[in-house]
Structure formats: structure tokens, C-alpha cells
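K.L.:
One structure, pasted below without further comment.
Coordinate-derived values only; no laboratory data. What you see is a predicted model, and the numbers here were worked out from it, not measured in a lab. When we count neighbours, we look across all protein chains shown, and the Cβ atoms used for this are built from the backbone with ideal geometry, even at glycine.
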Amino acid sequence: MIEYYALIKHLHMTTAVLSVTFFLVRAWWSVREVTLLQRRWVRILPHVNDTLLLVLGVTLMVMLSMWPHQHPWLAAKLLALFGYILLGTVAIKRGRSPMTRGLAALGAITLFCYMLGTAVTKDPLFLLPT
Ligand code: HEM
């Protein structure tokens, strides 16, 4: 299994980039009320990718025996993930006005960048000056 580690990590990173790309497009369509957003494949494809992203992340975590209670950056990333999902549903589905959906989308993208930062630096407080 460990010989697949590099591949799994690359796939995890690729699905992360795809996730935010799909999100940016869908959030834009949601704010502008573009009907393409209702297409079946537009609703399904990002979910398939996001499921893969999370499954690959959990696989890495298990392979490295790296648990959130031992690694604060991982705990912070998972907490931010909840926020990203929550704000994402407001941006794309639940927000009543374009303004609400747009603000929720900005919040979700900020959290996504934070997740990337914690993953790369392995430091939940990477934003603070040292
Ligand atoms: C269930 C959710 C997730 C889990 C359990 C998880 C777990 C992990 C683990 C254990 C690593 C460390 C790999 C290593 O150090 O070699 C990692 C790396 C990474 N994760 Fe995640 N991840 C999750 C979600 C995400 C999400 C949503 C993103 C998108 C922002 C993301 C982006 C990354 C990136 C870019 C790396 C590579 C960082 C680097 O070493 O340069 N992960 N992830």
C-alpha cells in the first residue's frame, strides 16, 4: 500500500484543486442565477470529486497514522472543512439573495485557502507573524 503513497497524495492534491475550481464556477453561476447550475452533471460531478478528495485525505491520514488530536494543523483543516461545506451550501443552494450567496462564497473560498495553507505549512497558525 505504501508504494502508492505518492500517487494517493498527488490525487488528493489534484482533487483539491478541482474542488475549488468547480466551486468557483458554481458559486459564480449561483450569484448570477445562471440556469446551467441546475444541470444534472453540474450537480453530480463536484460531489463525486469532493467525495474522492475526502476519501483520499482519510486514506493519507490512516497510512501515516497521523491523527487530528496529535497534529493541530490537521484538526484545524478538518474544522475549516466543516465551515467550507456549510458556507458552500449557503453559496450554492440555501442563500436567498445573490448578496448572501456571494458573501458565503467569499467566506468558503477564504476557508479553502486556509485549508491549503495548513496542509502545506503543517501549521494552523501559519498566518501569524513568527
Ligand atoms: C477528510 C479531509 C482531509 C483529510 C483527512 C486530509 C488529510 C491529509 C493528510 C494526512 C495530508 C498529509 C500528507 C503528507 O504530509 O504527506 C494531506 C495533505 C494535503 N492536503 Fe489534505 N486532507 C483532507 C482534506 C483536504 C482538503 C479539503 C484540501 C483542500 C484544501 C486538502 C489539501 C491538501 C494538500 C494541498 C496537501 C499536501 C500538502 C503538502 O504536503 O504540500 N486536504 N491531507
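K.L.:
Among the listed residues Leu11, Leu36, Leu24, identify the single one that is part of a helix (DSSP H, G or I), without any contact (Cβ under 8 Å) to a residue 60 or more places away in the chain and farther than 25 Å from Asp123 by Cα. If you could, list the steps in order and put the result at the bottom.
P.N.:
Values: Leu11 fails: farther than 25 Å from Asp123 by Cα; Leu24 fails: without any contact (Cβ under 8 Å) to a residue 60 or more places away in the chain.
Among Leu11, Leu36, Leu24, only Leu36 is part of a helix (DSSP H, G or I), without any contact (Cβ under 8 Å) to a residue 60 or more places away in the chain and farther than 25 Å from Asp123 by Cα.
K.L.:
For the stretch 4-34, what are the residues that are surrounded by 15 or more Cβ atoms within 10 Å (Cβ to Cβ) and among the charged types (D, E, K, R)?
P.N.:
Within the stretch 4-34, Lys9, Arg26 qualify.
K.L.:
Given (1) within 13 Å of the ligand (Cβ to nearest atom); (2) of a type outside the set (Ser, Thr, Tyr); (3) surrounded by fewer than 14 Cβ atoms within 10 Å (Cβ to Cβ), where does Leu53 come up short, assuming only one miss?
P.N.:
Answer for Leu53: the failing condition is (3).
K.L.:
Now for a separate question. Return the residue satisfying two criteria in turn: it lies in the stretch 106-128 and is more than 14 Å from Leu81 (Cα to Cα) and away from the ligand (no atom under 13 Å from the Cβ), and of such residues it is nearest to the chain's Cα centre (by Cα).
P.N.:
Leu106
K.L.:
Would you mind stating whether Leu37 is within 11 Å of the ligand (Cβ to nearest atom) and surrounded by 15 or more Cβ atoms within 10 Å (Cβ to Cβ)?
P.N.:
Values: within 11 Å of the ligand (Cβ to nearest atom): no; surrounded by 15 or more Cβ atoms within 10 Å (Cβ to Cβ): yes.
Criteria not met by Leu37.
K.L.:
Say we look at the stretch 61-77 and pick out the residues that are surrounded by fewer than 15 Cβ atoms within 10 Å (Cβ to Cβ) and part of a helix (DSSP H, G or I); which of these is farthest from the ligand (Cβ to nearest atom)?
P.N.:
The qualifying residue farthest from the ligand (Cβ to nearest atom) is Pro72.
K.L.:
Starting from the stretch 52-64, take each residue that is closer than 11 Å to Leu11 by Cα and list its partners that are more than 6 Å from the ligand (Cβ to nearest atom) and of a type in the set (Ser, Thr, Tyr), counting only C-beta distances under 7 angstrom and pairs at least six apart or across chains.
P.N.:
That search, which allows pairs on different chains as well, returns Leu52/Thr15; Leu53/Thr15; Leu53/Ser19; Leu56/Thr15.
K.L.:
Just name the residue that is nearest to Thr100 (Cα to Cα) out of those in the stretch 9-29 that are touching a helix residue (DSSP H, G or I) at 6+ places or on another chain (Cβ under 7 Å) and within 9 Å of the ligand (Cβ to nearest atom).
P.N.:
Step by step, filter the stretch 9-29, then rank; the result is Val20.
K.L.:
Right, another one. Can you spot a residue in the stretch 84-91 that is touching a residue at least 40 places away in the same chain (Cβ under 8 Å), away from the ligand (no atom under 11 Å from the Cβ) and more than 21 Å from Thr21 (Cβ to Cβ)?
P.N.:
No, there is no match, as no residue in the stretch 84-91 is touching a residue at least 40 places away in the same chain (Cβ under 8 Å), away from the ligand (no atom under 11 Å from the Cβ) and more than 21 Å from Thr21 (Cβ to Cβ).
K.L.:
Here's a follow-up. Would you tally the residues in the stretch 92-109 being β-branched (Val, Ile, Thr) and without any contact (Cβ under 8 Å) to a residue 60 or more places away in the chain?
P.N.:
Residues in the stretch 92-109 being β-branched (Val, Ile, Thr) and without any contact (Cβ under 8 Å) to a residue 60 or more places away in the chain: 1 in total.
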